[in-house]
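The block underneath contains the structure these notes are about, expressed in structure tokens.
The values are calculated or read from the model by the stated rules, or taken from the named source; none is laboratory data. Model, not experiment: these values are computed from the prediction. Neighbour counts are summed over all protein chains in view; Cβ atoms, including those assigned to glycine, are modelled from backbone coordinates with ideal geometry. Areas reflect the complete protein model, heavy atoms only, side chains present, ligands, DNA and RNA absent. Shrake-Rupley method; radii C 1.70, N 1.55, O 1.52, S 1.80 Å.
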Amino acid sequence: MRFLRRNSADTEAPVTEATAEAADSTRTAGKGRPTPKRREAQGRRSGPVPPPPRTQREAFKRMRGNKVSKEDRRAAATERRQRMMAGEDKYLLPRDRGPVKAYIRDLVDARRNLMGLFMPLAILVFVALLTPSLAVQRYATLATTFMLIAMVIEGLVLGRLVTKKVRAKFPTEPIKGLSIGWYSFIRASQLRRLRVPKPRVKPGEAIK
């Protein structure tokens, strides 16, 4: 029964020089170039550069996702703070961005407002209420009441004045008087050195 046996000559073909060269070509055809380094591969997978963060919270989340040192985080936070104080638009909060808000800040910063004494007045009232003298408390309360009334009147006048100038300078922008008045009041009620971003005009300077 020789036909049931497998012929070793049929199953094992002789290895010639041509078959060896063909095997080598098929083995190296898929590569053809050196293996890239890990740094190069990571650089290719990185993709496009993401846009800058729009808010501080988004910046913190992005910093937490990227493992950086404390020194780098502090340096980045310091740089963002400096640029925000300088008034660079993309580093400001959304409520402070745009040429309209910058113009409102210039109008408010160029004026000497009574509302700038709001915070010192609140501290003075708090100290007066801690004194045991009833006369001091009465005079402090009376003075505070008159000051608050004057500040409210000044805030209304300032809001109408700023709204009028903003509408004249930006006639195509959708201007809301209440929003502009409130923004002007908040800006004017802060101490000049604590305003964010910092004032870029001097008191009494003419704003066109």
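Considering every residue within the stretch 177-189, establish whether at least one is over 30 Å from residue 82 (Cβ atoms) and open to solvent by less than 60 Å² (accessible area, probe 1.4 Å).
Yes - at least one qualifying residue is present in the stretch 177-189.
Identify all residues within the stretch 132-152 that are loosely packed, with under 15 Cβ neighbours inside 10 Å, of a type outside the set (A, V, I, L, M) and under 41 Å from the mean Cα position of the chain (by Cα); write none if there are none.
141, 145, 146
When you scan the stretch 112-133, do you find a residue that is aromatic (Phe, Trp, Tyr) and closer than 29 Å to residue 174 by Cβ, even just one?
The answer is no; no qualifying residue exists.
Go over the candidates 90, 61 one by one and state the one that is open to solvent by 90 Å² or more (accessible area, probe 1.4 Å), basic (Lys, Arg), in a helix (DSSP H, G or I) and more than 30 Å from residue 165 (Cβ to Cβ).
61
Can you name every residue in the stretch 153-172 that is farther than 15 Å from residue 208 by Cα and either surrounded by fewer than 12 Cβ atoms within 10 Å (Cβ to Cβ) or in contact with a Lys or Arg (Cβ under 7 Å, 6 or more places away or on another chain) (or both)?
153, 157, 172
What are the residues in the stretch 107-131 that are closer than 27 Å to residue 206 by Cβ and open to solvent by less than 20 Å² (accessible area, probe 1.4 Å), if any?
Within the stretch 107-131, 107, 108, 109, 110, 115, 116 qualify.
Could you please let me know if residue 106 is modelled with pLDDT of 90 or more and out of contact with any helix residue (DSSP H, G or I) (no Cβ under 8 Å at 6 or more places or on another chain)?
yes
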